[in-house]
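Here the structure is laid out as structure tokens; the discussion comes afterwards.
The values are calculated or read from the model by the stated rules, or taken from the named source; none is laboratory data. What you see is a predicted model; the values in this text were computed from it and never measured. Cβ placement follows ideal geometry from the backbone for every residue including glycine, while neighbour counts extend to all protein chains displayed. Heavy atoms of the whole protein, side chains included, go into the accessibility calculation; ligands, DNA and RNA do not. Shrake-Rupley method; radii C 1.70, N 1.55, O 1.52, S 1.80 Å.
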Amino acid sequence: MKRGYRLLGWALLLFGAPSACSGGHVGAASSSGASASAGEGGGAATGTGEGGGAATGTGEGGGAAVGAGEGGGVAVGAGAGPSGECAALAPGPFEPALVTDGFIGSEDFAFDGRGYLVAKQGPNLVRFDATGRTSNFASLPGAVLGLRYRPDGTLVAARPELGAVVQISATGMVDDYVTGLTDPNGLAPDALGNVWATDLAGDRVIRLNPDATIDEIASGAPEVSEPNGIVFDPARWAVFYTNSSAGEIRKIDLNNPGEPPSLVVTVASSVLDGLVLDTCGHLYTVDDENRTLYRVRLDAGGAALGEAELLARFPTGVANAQFGAGPGFDARTLYVGGAAGSIYAVAVGIAGAPVPAPQEAP
């Protein structure tokens with residue numbers, strides 16, 4: 001990918017999404033920890049220098065300072081250290097609140113950013129709003145795993161039984177996007193319409209391009225072994241993913257193609273599934289074996305700052321998590337759900353990292 005496209009996609013993610021501090025109402029679950037409050041700073045500054053590369057650093061106030069530096073690569077470095085709400089993250093554990101229990105068979109779900117949560121219900125994709133109203137959106141029988149919106153408003157869905165990722169238009173029309181995969185699972189669209197994906201049985205992390213071609217980013221055990229959840233981090237220019245049965249989170253440094261994925265953290269006796277990133281650059285993952293949610297605090301380079309923190313336990317099976325987005329859904333709450341049908345709200349007190357979102361509600 002050309003460097004100019006990298007920087008464009010990054011800028012779109014940082015500045016093109018709705019404010020992560022705005023939110024609605026569903027999911028204000030109580031917490032046993034102290035609530036986080038906004039500190040000083042917190043803004044993002046962008047500047048262009050020589051060479052066309054992006055340099056990112058965490059300065060005082062917890063905001064991101066972005067500038068083009070020499071050499072053309074994306075460098076992420078720590079400044080004076082996190083402050084404000086990034087330094088005051090409530091430690092948990094948190095008490096999850098049930099939002100709905102009507103999505104039996106839906107391992108994943110997606111927010112369109114305009115007031116709907118979309119999930120699987122029987123053979124259909126169903127839209128759910130913050131008042132609890134539902135409406136059929138599209139017919140999609142069979143197993144569906146990863147489910148995410150691209151910035152053009154299309155929804156992408158992983159269909160492992162068909163070895164395919166399909167795309168669903170704003171009017172509910174379903175078409176093939178990429179076929180010939182082994183076992184597609186996690187999906188993470190970026191601002192340019194690429195979809196970073198895991199191919200679980202194929203032991204691969206791949207990128208699905210807008211023209212439906214496939215780029216293999218990393219493959220082969222033990223570094224890539226039953227990969228499941230995935231998140232693209234444009235600030236660090238990296239991809240994080242879970243090796244499910246190994247209980248691992250690993251990182252691919254896109255600045256160094258061909259370098260083996262590095263181990264970030266291992267959660268003992270876990271089967272890790274979904275993965276999501278907050279605005280402070282920390283990861284959250286779901287252990288579907290033990291029905292638990294963890295947070296992994298990261299430094300500016302993407303290394304773990306200690307062990308994974310247990311944030312919540314759930315009464316039913318869970319697999320994926322997403323920060324709320326759109327009217328009625330709290331942007332500072334993690335929504336956690338799985339094939340058992342229930343979606344829970346966990347008020348973690350921090351917003352998610354900006355993600356691509358459609359310009360108009362479907």
For the list (1) free of Cβ contacts under 8 Å to residues at least 60 places away in the same chain; (2) surrounded by fewer than 18 Cβ atoms within 10 Å (Cβ to Cβ); (3) within 23 Å of Phe329 (Cα to Cα), I need the number of the one condition that Leu145 fails.
(2)
Give all pairs with beta carbons closer than 8 Å in which a residue from the range 128-139 that is on the phi < 0 side of the Ramachandran plot meets a residue that is in a loop (DSSP other than H, G, I, E, B) and open to solvent by 40 Å² or more (accessible area, probe 1.4 Å); count only pairs at least 6 apart in sequence or on separate chains.
Phe128/Tyr116; Asp129/Tyr116; Ala130/His25; Ala130/Pro327; Ala138/Met173; Ser139/Pro123
What number of residues within the range 93-123 are more than 15 Å from Ser135 (Cα to Cα), open to solvent by less than 20 Å² (accessible area, probe 1.4 Å), outside any strand (DSSP E or B) and not hydroxyl-bearing (Ser, Thr, Tyr)?
2
Going by the conditions given, is Leu310 free of Cβ contacts under 8 Å to residues at least 12 places away in the same chain, among the aliphatic types (A, V, I, L, M), within 22 Å of Glu248 (Cβ to Cβ) and surrounded by fewer than 21 Cβ atoms within 10 Å (Cβ to Cβ)?
no
Have a look at Asp288, Asp330 and point out the one that is among the acidic types (Asp, Glu) and either closer than 13 Å to Val231 by Cβ or out of contact with any His (no Cβ under 9 Å at 6 or more places or on another chain) (or both).
Asp288
